[in-house]
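Here's the structure we're looking at; comments come further down.
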Amino acid sequence: MDDDQLLRYSRHILLDELGIEGQRKLLAAHALVIGAGGLGSPVALYLGTAGVGTITLVDHDTVDVTNLQRQIAHTLARVGQPKVESAAQAIAAINPDVRVVTLRERADAARLATLVAAADVVIDCSDNFATRQAVNAACVACARPLVAGAAIGFDGQISVYDTRDAANPCYACLFPPEATYEEVRCSTMGVFAPLVGIIGTVQAAEALKLLAGVGSSLAGRLQMLDARTMEWHEIRLGRQEACPVCAARPQR
């Protein structure tokens, strides 16, 4: 690290658990963020401020005025722009040294396989069940840790699915792909603005911990937040032997 980096990241370097070596790991890391909306905004910004070397943002959508109530990476001046480009501008305004790759697209299974394989950690900030399942399948196949969050109304949840440890479940262990779930969207049900910030910030924290090798992750634990009372609940998760996605995971 040069003198400018030592100064910029000094508050990380002062942490005994992180230090210079941990910060170097972040600078050399590649994070893949699926979704640049409510959850993706704080994730992208905090990964950028922390100095993650390369951040790939994937989102097909453009900034709408209704997004501005909660999607803090975007501004009124950028309404109509692709969300990935808007988020990249927000990151660059804070930390221009971070390399941001912007992909305005809906990534299908084949595309995700390539994107996930190139990343060190994947953060799922999408808003639909099909995408979450596709991202999970790619992470299992490529043995990449997945940080998945969700938020709607006043309810949020977050976990880490890291099948590099065979005892850990994948997303499909908890939410089977063949199950039927009612898709609930912000446009019809609404979402409490700070909720996506809370969940997204925790996602960023989990991703940074994984990249730097600090602490223990939420693998095997699902945390759920009721923002009405600001109460967290946690349940332990186990791998499902008959899971159609990770039961036949490759041995690493």
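Residues that are in contact with a strand residue (DSSP E or B) (Cβ under 6 Å, 6 or more places away or on another chain), farther than 30 Å from E21 by Cβ, assigned to a helix (DSSP H, G or I) and modelled with pLDDT of 95 or more within the range 185-232 comprise L195, V196, listed in sequence order.
Here is a check on your reading of the model: is S159 under 13 Å from the mean Cα position of the chain (by Cα), closer than 20 Å to R239 by Cβ and either of a type outside the set (K, R) or modelled with pLDDT of 95 or more (or both)? It is true that S159 is under 13 Å from the mean Cα position of the chain (by Cα), closer than 20 Å to R239 by Cβ and either of a type outside the set (K, R) or modelled with pLDDT of 95 or more (or both). Could you give every pair whose Cβ atoms fall below 8 Å, whose first residue belongs to the range 63-74 and is more than 20 Å from G48 (Cα to Cα), and whose second residue is at pLDDT below 95, counting only separations of at least 6 or pairs across chains? Listed pairs, sorted by first residue: T66/S187.
Screening the candidates T66, T56 for the property of being within 14 Å of the chain's Cα centre (by Cα) and among the polar types (S, T, N, Q) yields one hit, T56.
Are any of the residues in the range 151-173 surrounded by fewer than 22 Cβ atoms within 10 Å (Cβ to Cβ) and among the polar types (S, T, N, Q)? Yes; the residues of the range 151-173 include at least one that is surrounded by fewer than 22 Cβ atoms within 10 Å (Cβ to Cβ) and among the polar types (S, T, N, Q). D124 passes every criterion in (1) under 16 Å from V33 (Cα atoms); (2) acidic (D, E); (3) surrounded by fewer than 21 Cβ atoms within 10 Å (Cβ to Cβ) apart from (3). In the range 167-181, the residues that are more than 14 Å from E241 (Cβ to Cβ) and at pLDDT 90 or above form Cβ pairs under 9 Å with partners that are in a loop (DSSP other than H, G, I, E, B) and of a type in the set (S, T, Y), at six or more places apart or across chains, as follows: F175/Y181. Out of all the residues in the range 63-75, is one or more farther than 29 Å from G215 by Cα, in a helix (DSSP H, G or I) and among the β-branched types (V, I, T)? So far as the range 63-75 goes, yes, one or more of its residues are farther than 29 Å from G215 by Cα, in a helix (DSSP H, G or I) and among the β-branched types (V, I, T).
Please enumerate the residues belonging to the range 220-248 that are more than 17 Å from A150 (Cβ to Cβ), within 22 Å of the chain's Cα centre (by Cα) and surrounded by 12 or more Cβ atoms within 10 Å (Cβ to Cβ). Across the range 220-248, the qualifying residues are G220, R239, V245, C246.
The values are calculated or read from the model by the stated rules, or taken from the named source; none is laboratory data. Because the structure is a prediction, the values reported are computed rather than measured. Neighbour counts are summed over all protein chains in view; Cβ atoms, including those assigned to glycine, are modelled from backbone coordinates with ideal geometry.
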